[in-house]
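Reviewing the structure listed below.
The values are calculated or read from the model by the stated rules, or taken from the named source; none is laboratory data. Small disclaimer: the values here were computed from a predicted structure and weren't measured. Reconstructed Cβ throughout: ideal geometry from the backbone, glycine too, with neighbour counts over all protein chains shown. Protein only, heavy atoms only, side chains kept; ligands, DNA and RNA dropped before computing areas. Shrake-Rupley method; radii C 1.70, N 1.55, O 1.52, S 1.80 Å.
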Amino acid sequence: EDINIAYLASSSQNGFNQAIYEGIEKAAAEYDNVNVEIFDGEFSAPVQFTQVEDLVAGGRFDAMIVTPNDTVGIATALEDAAAAGVKVAATLFPIGPDLKNMEPQVTGLVTTVASDPSIGAERQANEVVAFCEDKDPCKVVVLIGQLIYPFDNLRYETFQKVLGEHANIEIVATGEGNYSPETSLTAMQDILQSHSDLDAVLSNADQHLMGAEIAILDAGLDLEAIYLIGGGLNQIATDAIRGGQWDASLAQFPVSMGEAALKAMVSSLNGEEVPTWIDESKLGTSPAVVTKEWLDENPDFTAEWQG
Amino acid sequence: MAQTDIAVRVQGVAKSFGSTRILNDITIDFHKGTVHALVGENGAGKSSVGKIVGGYYSADEGVVEIFGDQVTRFSPRDALQRGVAMIHQELQLVPELTVLQNVFLGLETNSGGVLTRGDLARFHDLEKTCEFALDPNAKVATLRIAERQKVEIMRAVAREARVIIMDEPTSSLTEDEAERLHALIARLKSQGTTVIYVSHFLDHIIANCDSVTVMRDGQVIRTDPIAGETKQSLVDSMLGQASEIIWPDLPPAPATTVAPVAELRNVHTSTGLTDISLKIRPGEIVGLIGLVGAGRTEIGHVMFGADRILSGSYSIDGVEYPRLTIPQAVAKGVALVPEDRRKQGLVLTQTTRPNVSLASLGKIARGGILKPRTERERVKRMIDHFGIVPGRIDGDVAFYSGGNQQKVLLSKWAVEKPRLLILDEPSRGVDIGARQRIHEFIVEMAAAGVGVLLISSELEEVINLSHRGYLMSEGRIFAEADCRTLSVETALHRIFHAQSELDQQEKGTNP
Amino acid sequence: MTDMTTTGKTAPRITAATIGDFARQYGVLIIIAALLIGLSFASENFFTARNLLNILNQSAPLAIIACALTLVIIGGGFDLSTGAVFGVASVSAGWLAINVDPYVGIAAGPLIGMFLGAVNGLIITGFGVHSFLVTLATSLVYRGIAILITGGALIPVRIAEFSWLGREKIGLVNVAVLVFLAFMVLMMFLLNRTTFGRKVFAVGGNEEAAILSGIRTNLVKVMTFSLSGAAAGLAGVISVSRISMAEPQAGAGMELEAIAAVILGGTSIMGGAGAVWRSVSGVLLMALIGNGFNILNVNPFFKDLTTGVIIVIAVALAASASRR
Amino acid sequence: MTDMTTTGKTAPRITAATIGDFARQYGVLIIIAALLIGLSFASENFFTARNLLNILNQSAPLAIIACALTLVIIGGGFDLSTGAVFGVASVSAGWLAINVDPYVGIAAGPLIGMFLGAVNGLIITGFGVHSFLVTLATSLVYRGIAILITGGALIPVRIAEFSWLGREKIGLVNVAVLVFLAFMVLMMFLLNRTTFGRKVFAVGGNEEAAILSGIRTNLVKVMTFSLSGAAAGLAGVISVSRISMAEPQAGAGMELEAIAAVILGGTSIMGGAGAVWRSVSGVLLMALIGNGFNILNVNPFFKDLTTGVIIVIAVALAASASRR
Ligand SMILES: Nc1ncnc2c1ncn2[C@@H]1O[C@H](COP(=O)(O)OP(=O)(O)OP(=O)(O)O)[C@@H](O)[C@H]1O
Ligand SMILES: Nc1ncnc2c1ncn2[C@@H]1O[C@H](COP(=O)(O)OP(=O)(O)OP(=O)(O)O)[C@@H](O)[C@H]1O
Ligand SMILES: [Mg+2]
Ligand SMILES: [Mg+2]
């Protein structure tokens, strides 16, 4: 009998989500009775909420994999879905009020393929600490997505906590990049007006570094000397690190995430036990933070998503 | 060749909107170099004929020939290119542009689309022909309606058109200004221009036109040379029946001891009124007599609470109102029929019913909830009273003929009997039959004890319809007169006299 | 309409003109009907009571906003702050529900919304500035307030006394749908059966004429903006109670959706003409397109494109019928 | 203005009325001046040639759009599709730069934009529907097209022959700033010194009057929308070349920012009156606020709120001065 699985992307027009779906499709192709479809959440919590309702009402799907736009609000809809007999898995973020808790916070949730954002943020911050070791003061600019997003708030707090433990490190400015190179460029240009003596840029997303890099070059500063670390590890970041323009990126593996989620759903539908948490950071082939050194050792490495 | 002296030929033209036929088998020849009048009741179709010749409407049936060329797909642009310009009844100007820019709109002096100097010189040339004394750099939005009408006329003349359609060009002009327009028309005629002249002023038509077409219900009744026509003969053809042209009898004037319903004492305003004192008693019709710009409209506005009083006092029924607002005035029973019906009077997005009810919503509602039956009855009564056509309660006012829009506007204030009724140009653009009905209405109101303030640029109308009049010039009242003994000639004479005295004074103080 | 009455005495003829008139008047309804029929054939899951009620339920918040917005737009105004008011009402209601009382939270939403709407109205009339700019500015301010209230975090509100509004059903029908229907009827009543409604039409149709008729136009405007604010607040509360979570960004973009729905329905952007049912039709048309996409699962890449094309068709249908 | 002429003969007196008039006319400029002074005191890094040029450079794309949009709005229209046109132009230019030729990519942006703008204009005039609804619909369609072109992914465009437009400087001044200034001058010239500009004012001021003066109003409208499209396309290319990256979502929300800037500057939303310099002032005012926040490192939570409050103040200042 055919198995139908829906993927509810936070936005289907976003490279990261597309890569997750690519993984889902790839894994589905390994079975001969699994069909998958993608739904566009338009980066909107209410849209995704109604999508869950519509899909449950439509009754065509045995399971759904969700990349939530809103990790808390969607919970009630997903509970209803689970109660209606639809299997549910979460990717990228856990579902429920506690972003750090990877175990199901919602009744009926089968599995969560994600990792605690604060762990990744801590790893990034530690790289900066290492770079700053013999610099005093070491001036750091933080570019964060948007502080009104809970996960970005959590990451920012983690950055502050880790860097704050070192007296030589100073966060001289914080800009919101909103995952847009354009916005990041503007923010970075403005920040450079007062802080052209910066030592490092710490960002949660590679998109922000695209803008930051241009601002730094345009200001006539030495890109080599400034430490740039991003997050996501898309192909653009991989090339930039290989080329020496950037220094590191927190690795993410959306294709593997999609594969893992789909396989777990199919197993669960076949009545098998599946782990309630699959740690995303362990899915890839690379270390958690990818550097030029490692990339030079692995010249064949390609990122799991384009950008 | 009979053909060659015809400028515009309209043959068998019919026009419908939806399934309402507004023009039927219209056939008229307009001869070159003549002034050809169109007359008829409100809604007879005069403006519609003009709009078809001017390219604004397209005929459903029939043929329109301009200088012998049959025109099929036609637009105002094509019409202008063929030498046909139109002055619309409802003025169509661009408010944010200046007089100069409006006059030469679409005709600017330019080289390859880039504006160059020259418009001002052309304007002065034009001014020599028109003699309107307009400030070329004034913004049209700040002009009064009479001045706007002059801009429209200049614009048509500026096109150097061979045919000019003038739809009620004098409706906002004083006698004096109308005379000047007629002189202009005579000049144009002598240059071979054809003028199609629509008006309700039959005297003007008889004095200035060469031929006349009478219309009724979207049909041509007859076309004849003007020679031999009289006002009465035209009215009879328009109405389709013999009728008398008369001024109604006024009710007796109230005694001077009667307390006034409204009184202004030494009022000054920022709108240019100086030391205005006047009284209106219940049952009395008081006229304001003056030229355009004398400040008559402003007096109406002050009494309606629309303009602030800087000094002096205003009392209604003996109570002083230093800071009267319009809602207060309305609550006190003051009513104002404004002079610009489209801009200040009607809500054109709405039908007849809400327009008629707008100023008296409280009377057709209980606790804010409308009583539809009461409202319908009241509106029906008004439609019958003024003979509004189309007579539907929910007719689209936006598409009514000019005169019928005016009647809807009057209904708004007639539907409830006010204490004080201010009428600013109440019979502007209405036909002779309706004008009589409006006059009767004014008299009825006075007879019922309403105080009436009447403003009209037609001196004959104010003087014949008022008990008492105030003569005005430059924002001042310089005399009071008993209208039953005043003649139009003396009134005009006194106004001009006062005017020149004022000018003298100005020169004296300002060397 | 003109035609119907004058030909009234003869047998009703169906002419090209009357069909054209009908299409012009009821263009959106025709498109809705076409979509209903098309989607019913395309998927057997579409034309079910559950799915249709679902659509109504999902659209309830937007439809409530659009109903009140209709009055603002007919009155010649424009309200770009409904999304932000929605946000403030959401977080305030959520906060009050948790920290004070769930029912206080529910009641506070519309009241706070009404207050913020009144502030809009007072700024607009007080300074005599166009509402577009004022509500654009206040929407930034309101959104900022919403963010400050929560400190940027989400407020989970998992209280049964609160969530019934968004999630309970009476029989088959959601409470939210009933609230929406009641609100719609109220707005229709206000607009068509009261003196206030008359004044709204007059203010939007010709403000100067309204003033010269003794209408307190500023008061009328403040009231329409207050209603719009109250509606946004009510919608915000329904939405929070539905997803049991209040977030400051809630309702972002909703202001434009609501305006689009109102205009799509056929209410004049210039003011002075329109109807509440039109706005509801506009909302439902957009909801149907979204639902169709979810049910049929067309490639989401085509969703925007299709929505846009359908709107253009709706617009073209209504317009082509009105040619002279 | 009325006052000036009457008191014209005496020595120019500075009265309360003339100050009020000035404030009403130049309200935005006053606020800009106040911000410039305030920010100069708050940070020594603010009033430097580098920072000021930076602000100009950052605002260039938005300012270009706002300049052309001014003509649309004066002409009585509304263009909600500039953001989407920006997106289509971005990705097309990026794609062409990589796959065909960098210069072809640069040239294609404005041309594609102009084409999409013309399509807007043709739909608006062809069906006689209000531009608000039409451009809302086409913005969905265009955004859909942008997404289809890239399949939703980013297109990196790291080619020097392409990125000079957004990144090179001539002396101290960025090429993008020069392009913007040239475009601004062109729009000012078109609006104030050509018959076309006069027609734009007439169409927006009173379309009926324009028709009766023999003006091809539809042609004028199509041209304003084409210009607006071309501007959005040009802005898109500058932006892609600046960040060396084309993305389909680029320019989202820009349409509202541009409209806000135009209206904030003081151009009438009802059409018929306005000026290009006003829109540029509007853009600069908003850019200054953003720059101030980044330079002073204020908590971004307060940014929306402050921006909103400043706009309200600007609006109030302009309006209160026009009280009688
Ligand atoms: N665009 C339109 N749509 C519907 N009806 C119209 C339209 N234009 C004119 N009519 C109708 O055609 C009839 C003739 O109108 P028209 O304006 O030609 O009258 P008129 O003779 O100029 O009257 P008036 O002296 O009052 O100006 C009126 O009943 C009017 O309601
Ligand atoms: N808002 C205003 N501010 C300043 N002056 C004004 C204003 N409105 C009118 N005026 C001036 O006041 C004078 C009186 O104008 P008003 O329109 O009252 O004349 P009127 O006698 O009613 O003429 P009509 O109604 O025939 O046009 C004119 O000189 C006019 O320029
Ligand atoms: Mg007429
Ligand atoms: Mg007057």
Next on the checklist: From the list B:Asp78, B:Asp60, B:Asp69, exactly one residue is within 24 Å of B:Asp210 (Cβ to Cβ) and either within 16 Å of ligand 2 (Cβ to nearest atom) or open to solvent by 20 Å² or more (accessible area, probe 1.4 Å) (or both). Which is it?
Outcome noted: B:Asp69
Checklist entry - Taking the condition open to solvent by 30 Å² or more (accessible area, probe 1.4 Å) and within 16 Å of ligand 4 (Cβ to nearest atom), does B:Arg122 pass? => result no
Checklist entry - For the range A:18-68, how many residues meet the condition of being free of Cβ contacts under 8 Å to residues at least 40 places away in the same chain and among the polar types (S, T, N, Q)? => result 4
Item to check | Leading residue by the ranking (nearest to ligand 2 (Cβ to nearest atom)) among those in the range B:368-399 that are open to solvent by 50 Å² or more (accessible area, probe 1.4 Å) and part of a loop (DSSP other than H, G, I, E, B) | outcome: B:Val389
Checklist outcome for this item: So, first residue not assigned by TED's automatic domain parsing to the domain that holds B:Val140 in the range B:85-98, second residue at pLDDT 90 or above, Cβ within less than 7 Å, six or more apart or across chains; the pairs are none
Item to check | From A:Gly230, A:Gly271, A:Gly258, residue being within 30 Å of A:Gly85 (Cβ to Cβ) and at pLDDT 95 or above | outcome: A:Gly258
Checklist entry - Does any residue of the range C:157-169 turn out to be buried (at least 23 other Cβ atoms within 10 Å of the Cβ), within 14 Å of chain D (Cβ to nearest Cβ) and in contact (Cβ under 8 Å) with a residue 60 or more places away in the chain? => result no
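Given the options B:Arg381, B:Arg353, B:Arg373, name the one that is without any contact (Cβ under 8 Å) to a residue 24 or more places away in the chain, more than 17 Å from the chain's Cα centre (by Cα) and not assigned by TED's automatic domain parsing to the domain that holds B:Arg281.
B:Arg373
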Next on the checklist: Let me spell it out: the conditions are (1) under 25 Å from B:Gly295 (Cα atoms); (2) away from ligand 1 (no atom under 14 Å from the Cβ); (3) more than 14 Å from chain C (Cβ to nearest Cβ), and B:Val430 meets all of them except one. Which number is the exception?
Outcome noted: (2)
Checklist entry - Are any of the residues in the range B:289-301 more than 15 Å from ligand 2 (Cβ to nearest atom) and out of contact with any Ser or Thr (no Cβ under 6 Å at 6 or more places or on another chain)? => result no
Next on the checklist: Looking at the range D:307-319, I want the residues that are more than 7 Å from chain C (Cβ to nearest Cβ) and have a partner that is of a type in the set (Gly, Ala, Ser) and open to solvent by less than 30 Å² (accessible area, probe 1.4 Å) with Cβ atoms under 7 Å, at least 6 apart or on another chain. Which pairs are those?
Outcome noted: D:Ala314/D:Gly27; D:Leu317/D:Ala23; D:Leu317/D:Gly27; D:Ala318/D:Ala23; D:Ala318/D:Gly27
Next on the checklist: Just checking, does the range B:262-277 include any residue being over 25 Å from the mean Cα position of the chain (by Cα), at pLDDT below 90 and farther than 27 Å from B:Ser171 by Cα?
Outcome noted: yes
Checklist entry - Is it the case that the range B:404-418 has a residue that's out of contact with any Lys or Arg (no Cβ under 8 Å at 6 or more places or on another chain), within 16 Å of ligand 4 (Cβ to nearest atom) and open to solvent by less than 10 Å² (accessible area, probe 1.4 Å)? => result no
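Would you say C:Ala273 is open to solvent by 20 Å² or more (accessible area, probe 1.4 Å) and either within 8 Å of another protein chain (Cβ to nearest Cβ) or not charged (D, E, K, R) (or both)? Show your work before the answer.
Values: open to solvent by 20 Å² or more (accessible area, probe 1.4 Å): yes; either within 8 Å of another protein chain (Cβ to nearest Cβ) or not charged (D, E, K, R) (or both): yes.
So C:Ala273 passes the test.
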Item to check | D:Val129 being open to solvent by 30 Å² or more (accessible area, probe 1.4 Å) and more than 18 Å from the chain's Cα centre (by Cα) | outcome: no
Checklist entry - Is the range B:129-143 home to any residue that is within 15 Å of ligand 2 (Cβ to nearest atom) and either outside the structural domain of B:Ala186 (by TED's automatic domain parsing) or of a type in the set (Asp, Glu) (or both)? => result yes
Item to check | Flag if B:Ile196 is within 14 Å of chain D (Cβ to nearest Cβ) and more than 16 Å from ligand 2 (Cβ to nearest atom) | outcome: no
Next on the checklist: Here is a list: B:Gly228, B:Gly192, B:Gly218. Which entry is over 30 Å from B:Gly290 (Cα atoms) and without any contact (Cβ under 8 Å) to a residue 60 or more places away in the chain?
Outcome noted: B:Gly228
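Counting just the residues of the range B:142-172 that are of a type outside the set (A, V, I, L, M, F, W, C) and within 16 Å of ligand 3 (Cβ to nearest atom), which one comes out farthest from the other protein chains (Cβ to nearest Cβ)?
If we take residues in the range B:142-172 being of a type outside the set (A, V, I, L, M, F, W, C) and within 16 Å of ligand 3 (Cβ to nearest atom), then B:Thr170 is farthest from the other protein chains (Cβ to nearest Cβ).
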Item to check | Residues of the range B:15-57 that turn out to be away from ligand 1 (no atom under 13 Å from the Cβ) and within 14 Å of chain C (Cβ to nearest Cβ), as a count | outcome: 1
Next on the checklist: Return the residues of the range A:211-235 that are within 15 Å of the chain's Cα centre (by Cα) and open to solvent by 10 Å² or more (accessible area, probe 1.4 Å); say none if nothing qualifies.
Outcome noted: A:Gln235
Item to check | Among (1) open to solvent by 10 Å² or more (accessible area, probe 1.4 Å); (2) within 12 Å of ligand 4 (Cβ to nearest atom), the one test that B:Asp275 misses | outcome: (2)
Checklist entry - Any residue in the range B:331-342 that is open to solvent by less than 30 Å² (accessible area, probe 1.4 Å) and part of a helix (DSSP H, G or I)? => result yes
Checklist outcome for this item: Of the candidates B:Val214, B:Val220, B:Val286, B:Val261, the one satisfying the condition of being within 16 Å of ligand 4 (Cβ to nearest atom) and surrounded by 14 or more Cβ atoms within 10 Å (Cβ to Cβ) is B:Val286
Checklist entry - What are the residues in the range D:174-190 that are open to solvent by less than 40 Å² (accessible area, probe 1.4 Å) and either under 30 Å from A:Asn17 (Cβ atoms) or over 14 Å from the mean Cα position of the chain (by Cα) (or both), if any? => result D:Asn174, D:Val175, D:Ala176, D:Leu190
Item to check | Which listed residue is within 14 Å of chain D (Cβ to nearest Cβ), away from ligand 4 (no atom under 16 Å from the Cβ) and of a type in the set (D, E, K, R), from B:Glu96, B:Glu127, B:Glu131 | outcome: B:Glu96
Item to check | Residues within the range C:237-270 that are within 14 Å of chain B (Cβ to nearest Cβ) and open to solvent by 10 Å² or more (accessible area, probe 1.4 Å), tallied | outcome: 4
Checklist entry - If you scan the range B:345-367, which residues turn out to be outside any helix (DSSP H, G or I), touching a helix residue (DSSP H, G or I) at 6+ places or on another chain (Cβ under 6 Å) and away from ligand 1 (no atom under 15 Å from the Cβ)? => result B:Val347, B:Gln350, B:Ala365
